[in-house]
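The values are calculated or read from the model by the stated rules, or taken from the named source; none is laboratory data. Just so it is clear, the model here is predicted, and its values are computed rather than measured. Heads up, the Cβs are rebuilt from the backbone with ideal geometry, glycines too, and the neighbour counts pull from every protein chain shown.
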Amino acid sequence: MRKDNNPPRLLIVDDEPPIQRFLRTALDTGDYVIHQAESGFAALSAAVATRPDVILLDLGLPDMDGVEVIRRIREWSQTPIIVLSVREREDDKVSALDAGADDYLTKPFGVAELIARIRAALRRSLRQAEEPVFLAGELEVDLSRRRVLVAGSEVQLTPTEYELLRLLVVHAGKVLTHGFILKHIWGTAYVEQPHVLRVNISNLRHKLEKEPSRPRHIITEPGVGYRLRADY
Amino acid sequence: MSAKEDENRPSPEAMLRLARAEEQLTGRGRLRIFLGYAAGVGKTYTMLEAARQRKREGRDVVAAYVESHGRAETDALLEGLEIIPRACIRYHGVLLSEPDIDAVLTRRPHIALLDELAHTNAPGSRHEKRWQDVEELLAAGIDVYTTVNVQHFDSLKDIVTQITGVAVRETVPDSLLDQAAEIRLVDIPPDELLQRLLEGKVYIPEQAAWAAEKFFRPGNLIALRELSLRRTAARVDEQMRAYMEARGIPGPWPAAERLLVCVSGSPFSERLIRMTRHLADEMKAGWHTVYIETPDVGRHARENRERVWRDLRLAESLGAQTATVSSASVAEAVIRYAVSHNITKIVVGKPVGSRWREFFFPPAVDRIIRLSGPIDVHVVSVTPTFPDADLTGAGPKTPVPVLGYLASLALVVAAALVSLLTRSFIEPVNMVMIYLLIVVVAALRLGRRQAILTAFLGVIAFDFFCVPPHLTLAVADTQYIITFVALLAVGVIISSLVSKARERAEAVRDREEQTNSLYHLSRDLASTADIETMLEAVLKNLGESLNAKAAVILPEGDHMRVAAAGRGIHPGVKEMAVADWVFRNGKEAGRGTGTLGAAHFLHLPLQASGNQLGVLGIKLGSESDYRSRQIRRLLDSFASQTAMALERIQLSRQAEKSQILQARENLERALLNSISHDLRTPLATITGALDTLRERVHTLADKARLELLDIAREEAERLNRFVGNLLDMTKLESGAVKVRKEMCDVEDLAGCALTAMERRLGDRRVDLRFPPMLPPVRLDMSLMTQVLVNLLDNALKYTPAESPIEISARAEGESLIIEVADHGPGIPERDLKRVFDKFYRLPVPEGASGTGLGLSICKGIVEAHGGVIRAENRDGGGLRIVVMLRL
């Protein structure tokens, strides 16, 4: 968490008053400072004015498409954006993520889930090599020493597998699209070859998960990508 | 109600008549007749004046056929009126023009003017007579103004002929005149008419010059004028009476009389019929015409039948109720009919035979009079004052049966030979028997005339050869005269009996054949269930019974189409046009009728319950068949049977459709109810929980509060699932689901499903059985995750909380098999297939809820992948769902 005592700033963008009310109430725990916007343009100017630490964005805005909002914000800021939307089709998720969103939650969602994601997003944005060791349940990943431990015992990973795990750890809690992962690990030439990714994920699972068939750490987001769970 | 009021109430008959008349008139055009007593009184002129008046009032008037005959005043009136060009018909090198009925029908004016109602159209026109054209226009809803002279009334034809001495050739049926909305009398004094004739203002066609001279005599004109005045007055009287009757106004009308006239097939029946119509008019009575069909039909059978048929149709057109009765005795049948139909007066013609004939064959009239009882009998003279010009020829003469006479001769010669040979030892008394024998033989085999000849020659031969003195024609013993007479009598009687018997047998046989053919037809029709078979049956029966070929023409969209035809029958464009006309007008046409008689086929309308269903086009075996009343009767029966069968099939199809519609509506209603329930129930719980929290916000214990919140949350999730299911189902149904296949690991798939179900699964044991090297499979990850989620959801709901759920997969040949199995109660065998139906829910005791859509969504998704899903019961108890996907 932040060292100083300024609570993180949240910008909530949604045109539905009931959702705004509920989100405000849910998040007004004293941990956050909450700002609100009801349209795309309002969101853009609020982003500039308030410089939030996390943006919660609804895609179905009246004046412009949410994805466009993401794009425009990304032109000048890397603030984490969590998309909250009724749209559940993979295309929509993927395009939002590709445009720069960090995470995606489908309405209706549980508040606990939302808070976990917000925390994960904050952690990422605030992390500056402050937490080189990633801990989640029985999984321990020490990035500085390149060591992976499961239930205390070390696990041997291939270089590719490690790179993959590292990427996931760095973006822990956030969903990474297939394309994103492939591009970062294997390069653009491999973007259209998801089976490579699949195989490696599968191997990782077999090495890291207690029940590979019921993964607790590396979660598949069907049709979208993968996420390393950070809030175990 | 007092007795007086009762009297004044319109009788039910009157009301019925009025109602029927009104019914017929709706949708029909109104006919306005301009009636004159002779040519030249100014009918066309008056008609045009009235038409112009209507046009000024704003009505749409066209002149379909107005003959001005070059008279300037008439032409002037035509100016400004729209004239529809006439149809030109070339006939024998002469160009004739008739009104173009189709053009008028297309034009659809309010009023059409057609001159000369009694005119006969040129051959090749659609109808034989102008009045039939007018009928068609009226039926189509167009008003018609027309002109006619009083002598053209069918019922007055004879009287006029008597008055003027000039035969009337063209007539108009009285029924048309009776239903005219208005008859306007155009009248000028005869002197004035004669003056105009002299001035050349009256048009007389050249051929009629001689007749005109005879016609236009003052005496004639006066008489005709009186006739027309009287007829018009009678009509007004009739209208007044109807008006008064309908309103129950008491008036001086006579008790209802009913007349009966008998048609015998004699040429005088026609006059009798017109006479009776006249009488009926004067007495304001209804009248009937009956034909008694006796087996005793003589050699003039065919001409007789045709004449009878014509007479009966004439009677019908004049407004009589007609009937044909079969009976052995004319008089008895007439009286029976009269009694059963409450006839008050019978009209018969004076017998014309000689006294002798009357002695031996008392005319039926006498018997009728004797048996008539309380019914009056009017004996009317029917001897014409001059030859009836309309009498058709006696018909084809039967060829003289020369062979028969020769055979008689041969018989006599044989008998004579025998008597010669046996003369010496056989008494004449016994010899007679041989002659008797040959007379009987001749009567049995040859016919009446031949028998008489045989008897005559036999007597001569007997006298010559057997009676002393031999070989002379003198008769010694006058007793032999008895023998002679007896022989003759026997011959005549037996031959009469035989011929009667034969004719009766023939008639019965004919009738039996008819009945048979109708029976066969109805039997064949009763068993058909579709139109094709039915039409085949009709054509087959027509061919078998009547040796006729036919085509059944049914409407399709807005034109007619041949639905079935006998071999070699291909109705051409012209025939189809006739069929089209028949369909639209509901009347028969074609060969053998008065409309479009030049067609190749006889077209009969197929009508049932007042609806037009189609047309039956018939080609009979021989030309004469078209006019045979018997065959026409049979054809009518065929047509009505066919129409009824058609109607039956159509109705049953409709019934089927509406049943299906009904079933679908029921299903839809049930669905709506179900969905509504499933959506509202969780909402009810949520609202209730939140309400309670609000109401008792200060008084609820923490535990209770938490419980309510949990309930609300769970139900909200449940509602979310329902909504998701519905949306999925809708997407699947509308084909909006795109299957995006990518290579996936089944393990991964299972993992996703389990993650999605994490919270709900809770502590439930889920065993996963995947072999180590399972090949990846192409599928849409998120859709298949949904499938597994639904299957798990099902297993959760319908199995006990402690029983484990198993997910397993294996590769078999070309397919990947995924199974989700539980240890619950399973599903009854008969429901295993139905379980994938939409909204199918097992009746479960503890109301495990669900929309019933889960499994059908699975099915939809799996099948969209080209896979197969099925349900089966496990051996150890429990349900197993098997999904097969292509590798």
Exclusive hit being surrounded by 13 or more Cβ atoms within 10 Å (Cβ to Cβ) and modelled with pLDDT of 85 or more, set B:Ile711, B:Ile660: B:Ile711
Hey, B:Leu616 hits all of (1) surrounded by 21 or more Cβ atoms within 10 Å (Cβ to Cβ); (2) more than 20 Å from B:Lys549 (Cα to Cα) but one; which does it fall short on? (2)
How do the pairs read when you match residues in region B:144-157 that are at pLDDT below 90 with residues anywhere that are in a helix (DSSP H, G or I) and of a type in the set (A, V, I, L, M), using Cβ under 6 Å and keeping only pairs 6 or more apart or on different chains? B:Val150/B:Leu227; B:Gln151/B:Val160
So if I check each of B:Val61, B:Val104, which one is more than 30 Å from B:Arg591 (Cβ to Cβ) and under 38 Å from the mean Cα position of the chain (by Cα)? B:Val61
Only residues that are among the β-branched types (Val, Ile, Thr) and surrounded by fewer than 16 Cβ atoms within 10 Å (Cβ to Cβ): list them for region A:192-218, please. A:Val196, A:Val199
Filter region B:548-563 for residues that are more than 20 Å from B:Asp625 (Cα to Cα), within 18 Å of the chain's Cα centre (by Cα) and of a type in the set (Gly, Ala, Ser) and give the result. B:Ala563
Quick count over region B:375-418, residues being at pLDDT 85 or above and part of a loop (DSSP other than H, G, I, E, B), is 1
Could you go through region B:767-778 and let me know if any residue there is in contact (Cβ under 8 Å) with a residue 12 or more places away in the chain and within 17 Å of A:Glu88 (Cα to Cα). no
Looking for something within 11 Å of chain A (Cβ to nearest Cβ), assigned to a helix (DSSP H, G or I), without any contact (Cβ under 8 Å) to a residue 24 or more places away in the chain and more than 60 Å from the chain's Cα centre (by Cα) - is there at least one such residue anywhere in region B:724-746? no
Checklist (1) farther than 27 Å from B:Met743 by Cα; (2) within 60 Å of the chain's Cα centre (by Cα) applied to B:Gly866, failing item: (1)
Residue that is within 11 Å of chain A (Cβ to nearest Cβ), over 18 Å from B:Ile805 (Cβ atoms) and surrounded by 13 or more Cβ atoms within 10 Å (Cβ to Cβ), where the choices are B:Leu774, B:Leu754, B:Leu679, B:Leu761: B:Leu774
Tally of residues being part of a helix (DSSP H, G or I), under 33 Å from the mean Cα position of the chain (by Cα) and not polar (S, T, N, Q) across region B:157-177: 3
The one condition A:Ala172 fails out of (1) away from every other protein chain (no Cβ under 13 Å); (2) touching a residue at least 60 places away in the same chain (Cβ under 8 Å) is (2)
Within region B:634-643, is even one residue surrounded by fewer than 19 Cβ atoms within 10 Å (Cβ to Cβ) and more than 19 Å from the chain's Cα centre (by Cα)? no
Identify, by number, the condition in (1) within 11 Å of another protein chain (Cβ to nearest Cβ); (2) assigned to a helix (DSSP H, G or I); (3) crowded, with 19+ Cβ neighbours inside 10 Å; (4) not small (Gly, Ala, Ser) that B:Ile807 doesn't meet. (2)
All-but-one check, B:Ala563 against (1) in contact (Cβ under 8 Å) with a residue 40 or more places away in the chain; (2) within 30 Å of B:Met431 (Cβ to Cβ), failing number (2)
Considering region A:219-232, residues that are of a type outside the set (Phe, Trp, Tyr) and more than 9 Å from chain B (Cβ to nearest Cβ), and then whichever is surrounded by the fewest Cβ atoms within 10 Å (Cβ to Cβ), we arrive at A:Asp231
Just the residues that are modelled with pLDDT of 85 or more, in a loop (DSSP other than H, G, I, E, B) and away from every other protein chain (no Cβ under 11 Å), please, taken from region A:183-216. A:Lys210
Among the residues of region B:255-279, the number that are in contact with a Phe, Trp or Tyr (Cβ under 6 Å, 6 or more places away or on another chain) and at pLDDT below 85 is 1
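One line per residue, one yes/no per condition, for (1) in a loop (DSSP other than H, G, I, E, B); (2) more than 9 Å from chain A (Cβ to nearest Cβ); (3) surrounded by 19 or more Cβ atoms within 10 Å (Cβ to Cβ):
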| residue | (1), (2), (3) |
| --- | --- |
| B:Leu768 | no, no, no |
| B:Met784 | no, no, yes |
| B:Val787 | no, yes, yes |
| B:Asn790 | no, yes, yes |
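Conditions tested, residue by residue: (1) closer than 25 Å to B:Ile273 by Cβ; (2) in a helix (DSSP H, G or I); (3) over 26 Å from the mean Cα position of the chain (by Cα).
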| residue | (1), (2), (3) |
| --- | --- |
| B:Gly124 | no, no, yes |
| B:Glu135 | yes, yes, no |
| B:Val144 | no, no, yes |
| B:Ser155 | yes, yes, yes |
Of these, A:Val94, A:Val33, which one is in contact with a Gly (Cβ under 8 Å, 6 or more places away or on another chain) and hydrophobic (A, V, I, L, M, F, W, C)? A:Val94
